[in-house]
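Q: Take this structure, written in structure tokens, and hold onto it; I'll ask about it next.
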Amino acid sequence: MSTTRRKFLQQSGLVSASLIFPQALHIRHTPPVRPLIDPNSLAQFVDALPIPEIARTTEYRPSPANPAAKLPYYRFVMRQVESKVHRDMKPTRFWGFGSSSPGPTLETRSGQGLLVEWVNELPATHFLPIDHNIHGAEADKPEVRAVVHLHGAKAPPESDGYPENWYVPGKSALYHYPNNQDAAMLWYHDHTLGINRLNVVAGLLGVFIVRDAVEDSLNLPSGKYEIPLVIYDRMFDEQSQIYYPVSPDPKAPWVPEFFGDAILVNGKLFPYLEVEPRRYRFRVLNGANGRFFHLSLSNGQTFHQIGTDQGLLPAPVPLDHVLVAPSERADLIVDFTDHAGEQIVVKNDAFTVMQFRVGKQKTKDPSSLPSALRPVPKIPESEAAKTRMLPLIEIDDLVQNPVTMLLNRAHWNMPVTEDPILNSVEIWNLINLTNDSHPIHLHLVRFQILDRRRFEPFTFKVRGELKYTGNPVPPDPNEAGWKDTVRADPGMVTRIIVHFEGFVGRYVWHCHILEHEDNEMMRPYDVIAAR
Ligand SMILES: [Cu+2]
């Protein structure tokens, strides 16, 4: 069947669904060589949800910023590991940190800097299909390369995991995270130019939590009642090994999106978690390459979102579904108090993700869900020193299959075009001329969403004029906090307002659909010193 994505959309009437859920798009892949495991053939809820261990250290080393001060030093080793995704599957080969994927969780407090030595002890060959046509992944580059970025961190440029700063097995990099930022759930993952999508699918990701006094004062569920849920999709062959699809052209195996049919939570397929009938705090991360999760509970109960990418919202937002784009975080409070003895399934639309088994025994719950969390003062638009017009573009071949995707019409290796001045405020207009929703992420900074507004793409393409066809739509209540990743929906101009704080230097901004990012949907940007 040679249906292209566009024709499929037109035929199926899925255009509007695809605006938010790009997995509704039809993607052209060649069939896998080996048959795949059908997750629906496996028993559900036979494995307990694993919770990544908290990293511990007793070692201190001098701070690069102030050698008189000593900072906790951690050594995280990237290596090939095996783990069972499901009771009835064979062990799966992963690339993890230490002995697991997701790797150990790092926890720290706001203002408590730390050092991580990210060590590459991966094997000499990659087990996923590299496309040597992709910029940065040419055949003369070593096959196995890695560099770690801490997503959401306000880190100096030399510790940000710049995609070209990759290194090979046997090498390491010592990064300094000052953590001068609010409590939030960050996450670390590979960011290597040209093979990022493959290294993350292989398993190079983990959670990093920053805490602060504001969070402490709220009496939220904590300790064993606060649980990270790292959710991503994979495909497995009948040997239980990770399968990553390829295009029909063996010389150019890149595929424009990856959607697996097996949804893993903390590395397990269909896990269950035994909970007490009380409040829990779930720190949800969408760690998928391209899948947007639209999560709900099978009993229809309402839950509350208290935080987003860069920490707490002004107030809890009651929800019965939550949409989480790749790399977005949702900090959720779920109250099981009235559900003793029930079994509640987490659904991703029609699909099963995991199960909560609520105990029958009543327990004390000293935690609270405050009605106000913290102020998030709006940055006034009048403070913006500059407004940038940044089109998101997809370039297709003659049969409308995507060939590459661009930000601001520029390729990775072209000169820097975004160069905000340190401590200045800018408004970025993300003008989406494609049919996909792109989760756009800026390194270093946090930002606020101003609005999204429908426009006429044709007029913009031909005359470069923005002709709006709708009214500005404010961000959803659960987006009305500090963000570092924003859905730029198709046919919309998404406006964000950014205060460029922290450090001068070179960073990147990119689409967090990793197949897009690897294929040119990433640009360097410079924070420059005021003259
Ligand atoms: Cu994208």
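The values are calculated or read from the model by the stated rules, or taken from the named source; none is laboratory data. The shown structure was predicted, so the numbers you read here are calculated from the model rather than taken from an experiment. All Cβ positions, glycine included, derive from the backbone under ideal geometry; neighbour counts span all protein chains shown. Heads up: the accessible areas ignore ligands, DNA and RNA and are worked out on the full protein's heavy atoms, side chains in. Shrake-Rupley method; radii C 1.70, N 1.55, O 1.52, S 1.80 Å.
Q: Which members of the range 383-400 meet the condition of being more than 25 Å from the chain's Cα centre (by Cα) and either modelled with pLDDT under 90 or of a type in the set (Asp, Glu) (or both)?
A: Hits for the range 383-400 are GLU383, ASP396, ASP397, LEU398, VAL399, GLN400.
Q: Kindly provide the set of residues from the range 161-180 that are in contact with a Phe, Trp or Tyr (Cβ under 6 Å, 6 or more places away or on another chain) and crowded, with 22+ Cβ neighbours inside 10 Å, ordered by number.
A: none
Q: Right, ASP476: under 22 Å from the mean Cα position of the chain (by Cα), open to solvent by 10 Å² or more (accessible area, probe 1.4 Å) and away from the ligand (no atom under 16 Å from the Cβ) or not?
A: yes
Q: Residue under question is PHE447, and the condition is that it be over 23 Å from the mean Cα position of the chain (by Cα), modelled with pLDDT of 95 or more and open to solvent by less than 10 Å² (accessible area, probe 1.4 Å); does it hold?
A: no
Q: If you scan the range 411-439, which residues turn out to be away from the ligand (no atom under 15 Å from the Cβ) and of a type in the set (A, V, I, L, M)?
A: The answer is MET414, VAL416, ILE421, LEU422, VAL425, ILE427.
Q: Condition test on ASP518, is it in contact with a helix residue (DSSP H, G or I) (Cβ under 6 Å, 6 or more places away or on another chain), surrounded by 24 or more Cβ atoms within 10 Å (Cβ to Cβ) and closer than 18 Å to HIS438 by Cβ?
A: Taking the combined requirement at face value, the residue satisfies it.
Q: Kindly indicate whether ARG197 is touching a residue at least 12 places away in the same chain (Cβ under 8 Å), of a type in the set (D, E, K, R) and crowded, with 22+ Cβ neighbours inside 10 Å.
A: It is true that ARG197 is touching a residue at least 12 places away in the same chain (Cβ under 8 Å), of a type in the set (D, E, K, R) and crowded, with 22+ Cβ neighbours inside 10 Å.
Q: Kindly indicate whether ARG523 is within 15 Å of the ligand (Cβ to nearest atom), of a type in the set (D, E, K, R) and surrounded by 24 or more Cβ atoms within 10 Å (Cβ to Cβ).
A: For ARG523, the condition - within 15 Å of the ligand (Cβ to nearest atom), of a type in the set (D, E, K, R) and surrounded by 24 or more Cβ atoms within 10 Å (Cβ to Cβ) - is not met.
Q: Separate question: May I ask you to list the residues in the range 402-446 that are within 19 Å of ASN289 (Cα to Cα) and not hydrophobic (A, V, I, L, M, F, W, C)?
A: PRO402, THR404, THR434, ASN435, ASP436, SER437, HIS438, PRO439, HIS441, HIS443, listed by residue number.
Q: While we're on this one: Out of the range 485-520, which residues are part of a loop (DSSP other than H, G, I, E, B), within 16 Å of the ligand (Cβ to nearest atom) and closer than 26 Å to PRO163 by Cα?
A: Residues satisfying the conditions are ASP489, HIS512, ILE513, ASN519, GLU520.
Q: Hey, another quick one. Just give me the residues in the range 125-140 being acidic (Asp, Glu) and over 23 Å from the mean Cα position of the chain (by Cα), in sequence order.
A: Answer for the range 125-140, where residues must be acidic (Asp, Glu) and over 23 Å from the mean Cα position of the chain (by Cα): GLU138, ASP140.
Q: Those residues that are aliphatic (A, V, I, L, M) and either under 10 Å from THR494 (Cβ atoms) or modelled with pLDDT under 95 (or both), I need them from the range 428-444; list them, please.
A: Matches in the range 428-444: LEU430, ILE431, ILE440.
Q: Another question, then. Within the range 162-198, can you find the residues that are of a type in the set (Gly, Ala, Ser), part of a loop (DSSP other than H, G, I, E, B) and more than 24 Å from ARG446 (Cα to Cα)?
A: GLY170, GLY194, listed by residue number.
Q: Here's another thing I want to ask about it. Give ARG93, ARG79, ARG75, ARG87 a once-over and let me know the one that is in contact (Cβ under 8 Å) with a residue 24 or more places away in the chain, in contact with an Asp or Glu (Cβ under 8 Å, 6 or more places away or on another chain), open to solvent by 80 Å² or more (accessible area, probe 1.4 Å) and closer than 17 Å to ALA202 by Cβ.
A: ARG79
Q: Among the residues that make up the range 446-461, is at least one of them within 15 Å of the ligand (Cβ to nearest atom), touching a helix residue (DSSP H, G or I) at 6+ places or on another chain (Cβ under 6 Å) and within 24 Å of ALA325 (Cα to Cα)?
A: no
Q: Now for a different question. What is the number of the single condition among (1) part of a loop (DSSP other than H, G, I, E, B); (2) within 23 Å of PRO32 (Cβ to Cβ); (3) of a type in the set (S, T, N, Q) that ASN66 does not meet?
A: (2) is the only condition that ASN66 fails.
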